[in-house]
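The values are calculated or read from the model by the stated rules, or taken from the named source; none is laboratory data. No experiment lies behind these values; they were computed from the predicted model shown. As a convention, Cβ positions derive from the backbone with ideal geometry for all residues, glycine included, and neighbour counts pool all protein chains shown.
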Amino acid sequence: MCKFLLNLFKTSKPSTDIEEDPMKKFLIVGLGNIGADYANTRHNIGFKVLDFLASKESLTFETQKLGDVATYKFKGRQFILLKPSTYMNLSGKAVTYWLTKEKIPLENLLVITDDLNLPFGTIRLKTKGSDGGHNGLKDIQDKLQTTTYNRFRFGISDAFSKGRQVDYVLGEWTDEENKKLPERLEKSIELIKSFGTAGVNITMNTYNGA
């Protein structure tokens, strides 16, 4: 009788718990370079998007292995926000480590990167593609051994003269760009939330070119 009563009133953890359901966990990686010298450069837009989200949601990044990490919970999903500390060219090491550590499936990975081939502020989500000459994406592709992973490209335009690409990418935003960035960052946060809740296809249809 006692055993029966114990079983009757015993509570169990719900099967939908985020920690037990890997499909409800997402790794959102913002690419960039660590250090104050890079903080406001075009190449660091990945860091900037995640910092903006953290600021809006009162999240705190903690320095952990291979990066600064924050956790954001939204509508039953858990977003692991990662800013790799490996420098851009070795981003793949941090991505593979955190995917493995958090047991997150590859389809729930989203990498945020700058894109010279898109006009300033244009946002585009893709599920696969080449690295486009981007060293961060090149290393991620090498470590994952696939070109099929979700990447969120943020346009920085190609408004540089011949031979000045590196200076432009590692240069800081203009005053005009800084005025427009907050609205573009808000839209970027919407895309991230949609990616985790509505799925990649709906998000692409909703936000690509927005």
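Of the listed requirements (1) surrounded by 15 or more Cβ atoms within 10 Å (Cβ to Cβ); (2) modelled with pLDDT of 95 or more; (3) within 18 Å of H134 (Cβ to Cβ), L185 misses just one: (3).
Of K193, K180, all but one fail to be among the basic types (K, R) and either at pLDDT below 95 or under 19 Å from H43 (Cβ atoms) (or both); the exception is K180.
Yes or no, residue by residue, for (1) among the small types (G, A, S); (2) within 15 Å of the chain's Cα centre (by Cα):
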| residue | (1), (2) |
| --- | --- |
| A54 | yes, yes |
| E57 | no, no |
| V69 | no, yes |
| Y72 | no, yes |
| L81 | no, yes |
| T86 | no, no |
| L90 | no, no |
| K103 | no, no |
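In this structure, does K179 turn out to be in a helix (DSSP H, G or I), basic (K, R) and within 24 Å of L27 (Cα to Cα)? No; evaluated as a whole, the condition is false for this residue.
Annotation note: Cβ proximity below 7 Å between a residue of region 100-127 that is surrounded by fewer than 14 Cβ atoms within 10 Å (Cβ to Cβ) and of a type in the set (S, T, N, Q) and a residue that is at pLDDT 95 or above and part of a loop (DSSP other than H, G, I, E, B) (sequence gap 6+ or interchain) occurs for T127/T148.
Table: residues versus (1) under 27 Å from T174 (Cα atoms); (2) in contact (Cβ under 8 Å) with a residue 40 or more places away in the chain; (3) surrounded by 15 or more Cβ atoms within 10 Å (Cβ to Cβ).
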residue	(1), (2), (3)
H43	yes, yes, yes
L53	yes, yes, yes
E62	no, no, no
M88	yes, yes, yes
S91	yes, yes, yes
V95	no, yes, yes
W98	no, yes, yes
G133	yes, no, no
I140	no, yes, yes
